[in-house]
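K.L.:
Structure below; questions to follow.
Quick note: the coordinates plus some simple rules give every number you see, no bench work behind them. These numbers come from a predicted model, not from an experiment. All Cβ positions, glycine included, derive from the backbone under ideal geometry; neighbour counts span all protein chains shown.
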Amino acid sequence: MDINQVMQQAQQFQKRMADVQEEMAGRQMTSTVGGGMVSVTVNGKNELLAIKIEPEVINQGDPNLLQDLIVAGVNDAMRKAREAMQGEMRKLTGGLNIPGLSGMFG
């Protein structure tokens, strides 16, 4: 393999990686916690898109419960987004563990 082939393959990989990142940015992952009391939606870029809170939780007058549910929901939704990105990256790399890439999305 000559250097030109290696450079072409690197450029193709970089483009495919950018395509995966763009696709993941459009995906939404939702986590529902507390028996449906709080739902959190994030995208594949780990951006928080929405939080839905059932009125019963607010009316309970327990701000600590609500805070805990929001934190749990956000953390779970972010975990789902990371796992989805890692899965897509594994597909892209053929399951190879490429130094520097494994930590980029997790």
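K.L.:
In debye, nearest 20, what is the charge dipole magnitude of the chain about its Cα centre with +1 on Lys and Arg Cβ and -1 on Asp and Glu Cβ, if you could check?
P.N.:
360
K.L.:
Quick one: go through region 65-93 and flag any residue whose amide nitrogen is under 20 Å from the point 7 Å out along the Cα-to-Cβ line of N43.
P.N.:
74-89
K.L.:
Here's a follow-up. By the scheme Lys and Arg +1, Asp and Glu -1, what is the net charge of all other residues having a beta-carbon under 15 Å from that of T93?
P.N.:
Neighbourhood net charge equals +2.
K.L.:
Sticking with this structure for a sec: How charged is the neighbourhood of M29? Take every other residue with its Cβ under 12 Å from the Cβ of M29, and add Lys/Arg as +1 and Asp/Glu as -1.
P.N.:
Counting the neighbours of M29, the net charge comes to +2.
K.L.:
What does the charge count near L66 come to, summing +1 for each Lys or Arg and -1 for each Asp or Glu among other residues with Cβ under 11 Å from its Cβ?
P.N.:
Neighbour charge sum, excluding L66 itself: -4.
K.L.:
Between V38, V57, M89, whose Cα lies farthest towards the positive end of the dipole of the chain when Lys and Arg beta carbons carry +1 and Asp and Glu beta carbons carry -1, centred on the Cα centre?
P.N.:
Of the options given, the answer is M89.
K.L.:
Multiplying the sequence separation of A25 and K52 by 0.36 nm and subtracting their Cα-Cα distance, what value in nm do you get?
P.N.:
7.7 nm
K.L.:
Under a 5 Å amide H to amide H cut-off, with H placed in plane at 1.01 Å, what residues pair with R27 once short-range neighbours are removed?
P.N.:
The list, which skips near neighbours in sequence, is G44.
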